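Any read-out appearing in this document is the output of simple, stated calculations on the displayed coordinates, not a laboratory observation. All of these numbers come straight from a predicted model, not from anything done at the bench. When we count neighbours, we look across all protein chains shown, and the Cβ atoms used for this are built from the backbone with ideal geometry, even at glycine.
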Amino acid sequence: MEGLALDTIIAKAGARPAAALACASTHLRAAVAEDAVWRSFCARDLGLDAPLDPEDRPLPSFKVGKRLREDRTLTNYMDAYKVWSESFGMYPLPLVKRVKLFWSSLKGWISENFPEALRTLSKGASEAQIRSAEDDLGFKLPMPTKLLYRFCNGQLPFSRNHFEDVRMAPLGIIGGYVFYDHSVNVHLSSLEQMVEETKEFNLDLEEQGLPIGPNLALVASSWYHPKTFILNCSSGDLYVGTANLSAGEMMPCVPKSLIKPTDSDMPQDGLLLWLEEHLRRLQNGMIKIRPLKTSRYICLYPEASPLCSSAVTNGVKVRASAVFAPEHPYGGHPGTYLYSYSIRLSVPEACMLGGVYFSSCQLHSRHWIIRCKDTVVSDVNGEGVIGKFPLLLPGQDEFVYESCTPLNGSSGSVEGSFTFVPGRVTQPEGKPFNVTVAPFPLQVPDYIF
């Protein structure tokens, strides 16, 4: 066989059979050695579109070959496929490709949208570092989690330098939310931080006489008010700590039905699924970067339907959404769930009432109807919002405020209206008018961040 027919057979055979074919004859060895063959193997099996090693350093080729050294003698060099196979041969290649694609996609998004957080990411850990962490923990990490750390060893750990920590705090790649004096911003833990915080957590449980959970590892935590994510390394389940975490209370934050920790071809644990879902929300615009005082952060209040409602009345636009906050003390009572909601007010083009345009309008009062399932549990009227009476001008940035509400059930909704005055409250230019706040959900989500 020659040409396209032989190339097609080699390509369909795959990398390992192709390497075996190369041993059969000089003719087959020459066909298998073509760079295009190994380019296709690297793309299909590893997601590589350039000959790079696992640390993104360039390699001479996709295939094995020879190069001229400085002393004018020939030496063999390793192809990209072989380098990757030797580095990750203990893992299923489809899983290696999946985790590699996740990290390259997340880093690409961060580089474009949140570059100040990029340098908080550590380079990948070695197998020796992972084994050392497992020895310190006293148990093995799930295979997908180990691979996640092979490509990136989480974010830089707490430095204990006040000024550096203030700068680093809002740069968590998971992000968070702010309402009243409650701030959360979640960072992905490094191996070193995971080991240290897991030991502290287990020690606290021991001191209270509580049984230590089976092989639990703290994989992410907040730099502001405490919020902790815990991986069960035996089952692959991922949990978020509640306000009663000190007593061992946790909630699942990834659908259990999706977790396959022992699948031979493509195992997936809670941490991998959680991070992949977070990336999807970043990529599709469900969550975005928002300003926070003098910095920026990944804000977890949803920005798109169906989790974010939107309504326009007389030119005034109101967007509203909520997040579930299991770590807040108000949600620490049995059967009580705390939700924080974010309201965004703006006049995109112009405020118009009865065919008359107004140069501004000002919020005067609010009316909220809060439901638990289908039952009205709160009907609230009041002046202003969080003590403010925002003045809206056409084309200006949204006025954003956050508040919260407890709910005696896992699901409900909020809707209502604002009363606005054309012009200013102190100098009205027309009659007050109501602006609709479309219903938005309060619910414990399948994925909790």
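Could you tell me the largest-minus-smallest coordinate of the C-alpha atoms of the chain on each of the three principal axes, in descending order and whole angstroms?
For the chain, the Cα spread along each principal axis is 91, 62, 44 Å.
If the label point is 7 Å along Cα→Cβ of residue 364, which residues in region 417-448 have backbone nitrogen under 13 Å from it?
Residues passing the 13 Å test: 418-435.
Provide the net charge surrounding residue 197, with neighbours chosen by a C-beta distance below 14 Å and charges set as Lys +1, Arg +1, Asp -1, Glu -1. All intermediate terms of the calculation are to be shown ahead of the outcome.
On the way: positive: 199, 227; negative: 136, 192, 196, 200, 204.
With Lys, Arg at +1 and Asp, Glu at -1, the net is -3.
About the Cα centre, and with charges only on the beta carbon of Lys, Arg (+1) and Asp, Glu (-1), how big is the dipole of region 93-283? Nearest 20 debye, please. The partial results should precede the final answer.
Values: 18 positive and 23 negative charges, 174 e Å.
That gives a dipole near 840 debye.
Cα gyration tensor of region 93-283, axes a ≥ b ≥ c as square roots of the eigenvalues: rounded (a/c below 1.5), prolate (a/b > b/c) or oblate?
It is rounded, given that a/c, with a ≥ b ≥ c, falls under 1.5.
Pull out the extension gain between residue 444 and residue 161, defined as 0.36 nm times the separation in residues minus the alpha carbon to alpha carbon distance; nm, one decimal.
Values: separation 283, 0.36 × 283 = 101.88 nm, distance 3.63 nm.
Separation in residues times 0.36 nm, less the Cα-Cα distance, equals 98.3 nm.
Calculate, for residue 256 and residue 207, the FRET efficiency according to 1/(1 + (r/R0)^6) with r their C-beta to C-beta distance and R0 41 Å; round to the nearest 0.05.
Values: r = 30 Å, r/R0 = 0.74.
Efficiency, from the Cβ-Cβ distance: 0.85.
Determine the calculated [θ] at 222 nm for the chain from helices alone, applying -39500 (n - 2.57) to every DSSP H run no shorter than 4 residues and normalising by the residue count; nearest 500 deg cm²/dmol.
Details: 11 runs with 120 residues, N = 449.
Calculated at 222 nm, the ellipticity per residue is -8000 deg cm²/dmol.
With labels modelled as points extended 7 Å from the Cα through the Cβ direction, what inter-label distance (nm, one decimal) is found for residue 86 paired with residue 246?
5.2
Between region 420-447 and region 319-372, what is the separation of their alpha carbon centroids in Å?
7
Mind giving me the FRET efficiency for residue 333 and residue 126? R0 is 41 Å, r the Cβ-Cβ distance, nearest 0.05 is fine. Spell out each step's value before the answer.
Numbers: r = 46 Å, r/R0 = 1.11.
For residue 333 and residue 126, the calculated efficiency is 0.35.
If you take the square roots of the eigenvalues of the alpha-carbon gyration tensor of region 283-384 and sort them as a ≥ b ≥ c, do you get rounded (a/c under 1.5), prolate (a/b over b/c) or oblate? Working shown, then result.
Working: a/c = 2.11, a/b = 1.37, b/c = 1.54.
Judged from the Cα gyration tensor, region 283-384 comes out oblate (a/c at least 1.5, b/c at or above a/b).
What is the spin-label model distance, in nm, from residue 408 to residue 50 if the labels are put 7 Å beyond Cα along the C-beta direction?
In this crude spin-label approximation the distance works out to 6.1 nm.
Using the structure shown, list the pairs from 123/260; 107/293; 199/293 with a Cα-Cα distance above 30 Å, or answer none.
Working: 123/260 27 Å; 107/293 25 Å; 199/293 34 Å.
In this structure, 199/293 lie more than 30 Å apart at Cα.
In whole Å, what is the distance between the alpha-carbon centres of region 227-248 and region 85-124?
Using only Cα atoms, the two centres lie 25 Å from each other.
Under 13 Å from a point placed 7 Å out from the Cα of residue 9 along the Cα-to-Cβ direction: which residues of region 18-32 have their backbone N that close?
18, 21-22, 24-25, 27-29, 31-32
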